[in-house]
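First up is the structure itself, then whatever we jot down about it.
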Amino acid sequence: MTGTLERWFGLSERGSDVRTEVTAGVTTFLTMVYIAFVNPSILSEAGMPFGPVFVATCLATAFATLVMGLYANYPIALAPGMGLNAFFTYGVVLGMGYPWEVALGAVFVSGTLFVTLSVLPVRRWISETRMPQATA
């Protein structure tokens with residue numbers, strides 16, 4: 001098992017070993033686990049049900065982190081941003097009065113546009129023609 005992990009992630013060429021990586025993973029988990037409880041707590045104030053949001057938070061975090069580790073081979077954990085969910089709840093839903101379903105639809109549309117622009121050559125065109133100092 002150790003040999004498989006070593007080959008897949010190239011640990012020795014990065015100056016690491018399985019024990020160090022497991023310790024780092026446990027440490028990262030312990031620093032992030034609060035998000036599983038705080039995110040649904042904040043979003044439930046907008047009217048979203050706590051239980052399903054808790055499950056969605058855990059599944060999205062696990063999926064995104066696994067993709068980053070196994071596909072991108074990049075040791076980083078991803079989870080919902082606490083500032084963004086606070087803005088969603090207190091700024092958009094409670095502050096502006098939009099129903100959480102409508103606000104969530106806006107999040108979906110903006111996410112879809114972001115992914116589309118990232119996949120298409122439009123992103124590169126924008127960064128090269130509109131922000132030449134960013135590519136230098």
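FYI, it's all coordinate maths here, none of it is from the lab. What you are looking at is a predicted structure, and each value in this text was computed from that prediction instead of being measured. Positions of Cβ are generated from backbone atoms using ideal geometry, with glycine treated the same way; all protein chains shown enter the neighbour counts.
Given the options T129, L59, G3, identify the residue whose Cα lies farthest towards the positive end of the charge dipole of the chain (+1 on Cβ of Lys, Arg; -1 on Cβ of Asp, Glu). It is T129, whose Cα lies furthest towards the positive end. Would you mind computing, in nm to one decimal, how far apart the modelled labels at E101 and V122 are, each placed 7 Å from Cα along Cα→Cβ? Rounded to a tenth, the inter-label distance reads 2.8 nm.
Each helix, a run of at least 4 DSSP H residues, gives -39500 (n - 2.57); summed and divided by the residues of the chain, these come to -19500 deg cm²/dmol at 222 nm.
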